[in-house]
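Taken together, the values in this text are just the output of simple stated rules run on the coordinates, not laboratory data. Everything numeric in this text was worked out from a predicted model, so none of it was measured. Here the Cβ positions follow ideal geometry from the backbone for every residue, glycine too, while neighbour counts run over all protein chains shown.
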Amino acid sequence: MFREKNPGVDKDVIMAKLSKLKQYLNYLRELRRSSFEDFMGDFKITGAVERYLQVSIECMIDVGNEIISSLQLQRPERYRDIPYILARSGVISERFADTMASMIGFRNLLVHDYAAINLKLVYEFLQTKLTDFEEFIRQIVEWLERAS
């Protein structure tokens, strides 16, 4: 577990990435106000939601990779390994690691299975999972405070 202060962690880089994530979350909160009918009937809304969800999850991945690299932790073989490496190092909770891994799996669907993506699933994710991004931000900020 990471317990000591680590001068190798660039707090400014991490906070800049979290700031970008907060910006994307604000856009997603606006888009979340769309009715299901508007969401399903307007490709501009669905496209924006898909893209902002993708880049929001990528922000989480980038923050995780930045921390892993800074602390010289085990290199992830795939993106879904990142949350478990962070959890083992005390950066995020074990409980949240599964949530984050699931979000990364959803990102992979958005990126790789875009032609067959279930828009009902995207809408449900938009309506129910934005708090998971907030939880990620909270846990990273708390870890940064402990680490500095």
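Once you charge only the Cβ atoms, +1 for Lys and Arg and -1 for Asp and Glu, what is the size of the charge dipole of the chain about its Cα centre, to the nearest 20 debye?
180 debye
Grab the Cα-Cα distance for D42 and Q23, subtract it from 0.36 nm times how many residues apart they are, and report the gain in nm with one decimal.
4.6 nm
Compute the helix-to-body angle for 130-147: its Cα long axis versus the longest principal axis of the chain, expressed 0 to 90° and rounded to tens.
Relative to the chain, helix 130-147 is tipped by roughly 10 degrees.
Which whole-number value in Å³ per residue fits the convex hull of the alpha carbons of region 50-118?
75 Å³
Taking the Cβ of V13 as the centre, find all other residues whose Cβ is under 10 Å away and add up their charges (Lys, Arg: +1; Asp, Glu: -1).
-2
Among L21, Y52, Q72, whose Cα projects farthest towards the positive end of the dipole of the chain, with charges put on the beta-carbon of Lys, Arg (+1) and Asp, Glu (-1)?
Q72
Sequence neighbours fewer than 8 away in the same chain don't count; with that in mind, list the aspartates and glutamates whose C-alpha is under 13 Å from K22.
E30, E58, D132, E134, E135
Can you return the aspartates and glutamates within cross-link range of K120? Criterion is Cα-Cα under 14 Å, with same-chain partners fewer than 8 residues away left out.
E37, D38, D42, E50
When the helices in the chain are scored as -39500 (n - 2.57) per DSSP H run of 4 or longer and the sum is shared across all residues, what 222 nm value do you end up with, to the nearest 500 deg cm²/dmol?
-25000 deg cm²/dmol
Angle check, please: helix 119-128 long axis (alpha carbons) against the longest principal axis of the chain (alpha carbons), in degrees 0 to 90, nearest 10.
Result, in degrees: 50.
Given just the C-alpha atoms of the chain, how large is their convex hull per residue in cubic angstrom?
Dividing the Cα hull volume of the chain by its residue count gives 95 Å³.
Please determine, in degrees from 0 to 90 and to the nearest 10, the orientation of helix 11-32 with respect to the longest principal axis defined by the Cα atoms of the chain, where the helix direction is its Cα long axis.
20 degrees
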